[in-house]
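The values are calculated or read from the model by the stated rules, or taken from the named source; none is laboratory data. As the structure is a computational prediction, the values presented were derived from the model and not from experiment. Cβ coordinates were reconstructed from backbone atoms using ideal geometry, including for glycine residues, and neighbour counts include every protein chain displayed.
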Amino acid sequence: MRLEGAYWEALEEIARREASDLEYVLDLAASGPHRGNLSSAIRLFVLAYFRDKRRLPRGPARRRANHRAPV
C-alpha cells in the first residue's frame, strides 16, 4: 500500500492520541464504510478523524500502545 508521508504521520498521530497502536488504527480504517481501494479508505479515515474530531471505539479488542505488564 502506498500513502504519502503526511498520511503516515497522521495515522501515527491518531494512534498516539488514542493510546493505541498503528495496526489497530489501520484495521479500523480498512473496515470502515468506504468502498474502493485501501489507500483511499485510509485517506478518508484520516480526513474524517481530524474533521469530526472523533474518537476511536473503545472495547476489549482495542490494543494499547506500549502496554506493559507490571513488573
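Report yes if S31 is at pLDDT 75 or above, of a type in the set (S, T, Y) and under 22 Å from G5 (Cβ atoms), otherwise no.
The answer is no for S31.
Rundown of residues vs (1) surrounded by fewer than 16 Cβ atoms within 10 Å (Cβ to Cβ); (2) in a loop (DSSP other than H, G, I, E, B), yes/no style:
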{"site": "R2", "(1), (2)": "yes, yes"}
{"site": "W8", "(1), (2)": "yes, no"}
{"site": "E13", "(1), (2)": "yes, no"}
{"site": "Y24", "(1), (2)": "no, no"}
{"site": "S40", "(1), (2)": "yes, no"}
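Which pairs do you get when a residue that is closer than 22 Å to N37 by Cβ, found in segment 1-24, comes within reach of a residue that is at pLDDT below 95 and basic (K, R), reach meaning Cβ atoms under 8 angstrom, with the pair 6+ apart or on two chains?
L3/R43; Y7/R43; E23/R63; Y24/R62; Y24/R63
Regarding segment 54-71, can at least one residue be identified that is part of a helix (DSSP H, G or I) and either within 10 Å of the chain's Cα centre (by Cα) or modelled with pLDDT under 75 (or both)?
Scanning segment 54-71 turns up no residue that is part of a helix (DSSP H, G or I) and either within 10 Å of the chain's Cα centre (by Cα) or modelled with pLDDT under 75 (or both).
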